[in-house]
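Okay, structure first, notes after.
Derivation of every value follows stated rules applied to the coordinates shown; laboratory data play no part. Computed from a predicted model, the values in this text were never measured in an experiment. All Cβ positions, even for glycine, are placed from backbone atoms using ideal geometry, and neighbour counts span all protein chains on display.
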There are 2 protein chains.
Amino acid sequence: MARKFIDNPNACSLVHTMNIIGNKWKPIILYLLSNGSMRFGMLNALIPTISKKVLTNQLKELENDGLLLRQSFAEIPPRVEYSLTEKAIGLLPVLRMLSDWANEAYPEMEFEQCRIIENGKKPAYNNV
Amino acid sequence: MARKFIDNPNACSLVHTMNIIGNKWKPIILYLLSNGSMRFGMLNALIPTISKKVLTNQLKELENDGLLLRQSFAEIPPRVEYSLTEKAIGLLPVLRMLSDWANEAYPEMEFEQCRIIENGKKPAYNNV
DNA sequence: AATAGTGGTAACCATAAAGTAACTAATGGC
DNA sequence: GCCATTAGTTACTTTATGGTTACCACTATT
């Protein structure tokens, strides 16, 4: 009877990290918040290809995982500010390394602007 | 008329990296290959919760992105060895940081063994 | 003659993730 | 009275991802 799990502590913490940040939008969100807090609408403007529904959802998950602080102000119209927690700040150098790696490993690519999914097709990444 | 792309070089190379390794299986595969080459069947045994179809597919994508070398030997029964390229080796310290981060950020968790999806439910990560 | 062993592939199905459009609450300004 | 504003939510549809089972090729062994 075969094992039904991965039996390796390092692989497992890696899996855990990837479960938290390893998707299409979360690293971008964290990166954009690295210079300070930002409102929902601003995040949506900087990532124009994400839908509001999904952005809401990603922010909620990041908050639940302890990476984001959500501050809601009792104003009309509403104002909500998102900022990084200490946990997330500890991740920033790693994110930086991930992006540096792409620049080194794929020097022929120019990462000026990127589309994130256009018309439901891959590539999720595309130079413009 | 709104932008349809993300206008930030650092975010874009980050997106690119995550498109390459930011999914459920790829970081594990790379990690397992960090000690040397390995056969298809061995990878499958060490990641018992992945299906052959998906493993094949992930290996193919990693090969296409220049992270894996695939060596097929003309033997019966067949033997195929996968190993990391230089590009992938450059990624290992980053993977290590990702896993270290999880250990620091979530000290209450014990990453001994993990299940990767059970019965189609999250959590994708689960202590046993 | 049947079976085991390896690294797949094909057809088909289930689930998860993401997208779209319309809608809401509460207030200020015209 | 009407519209704009913001941060969402809801219901519904589409796309992507992953899983299951069966099958293949080729040889050695029983």
In the neighbourhood of residue A:75 defined by beta carbon distances under 12 Å, the net charge of the other residues (Lys, Arg +1; Asp, Glu -1) is +1
Inter-copy label distances at residue A:85, 7 Å along the Cα→beta-carbon direction, one decimal in nm, shortest first?
-> 3.8
Shielding by partners for B:62-69, please: the mean number of other protein chain Cβ atoms within 10 Å of each residue's Cβ.
-> 1
Other copies of residue A:45: label-to-label distances in nm, shortest first, labels 7 Å along the beta-carbon direction | 5.8
Gained length - residue B:80 relative to residue B:56, 0.36 nm times residue gap less alpha-carbon distance | 7.5 nm
Find the centroid of the Cα atoms in the stretch A:43-77 and in the stretch B:46-71, then give the distance between the two in whole Å.
-> 34 Å
Report the GluC sites (Glu not before Pro) located in the stretch B:1-89 that are in a DSSP loop and have at most 15 other Cβ atoms inside 10 Å of their Cβ, or state none.
-> B:75
Rotational relation A to B, axis-closest Cβ in chain A, residue and distance rounded to whole Å = A:22, 2
As straight-line cross-link partners of residue A:26, the qualifying aspartates and glutamates (C-alpha separation under 15 Å, not fewer than 8 residues apart within one chain) are A:61, A:63, A:65
Given Cα pairs under 8 Å that are at least 6 residues apart, what percent is the relative contact order of chain B?
-> 20 percent
Output, in nm with one decimal and in ascending order, the distances from the residue A:112 label point to the matching label points of the other copies (7 Å from Cα along Cα-to-Cβ).
-> 5.4
Shielding of B:41-51 by partners, i.e. mean partner chain Cβ atoms within 10 Å per residue?
-> 2
Shielding by other protein chains, B:100-110, mean Cβ within 10 Å | 6
Scattering profile of chain A from the Debye formula, Cα beads only, expressed as log10 I(q)/I(0) at q = 0.10, 0.23 Å⁻¹, is -0.40, -1.48
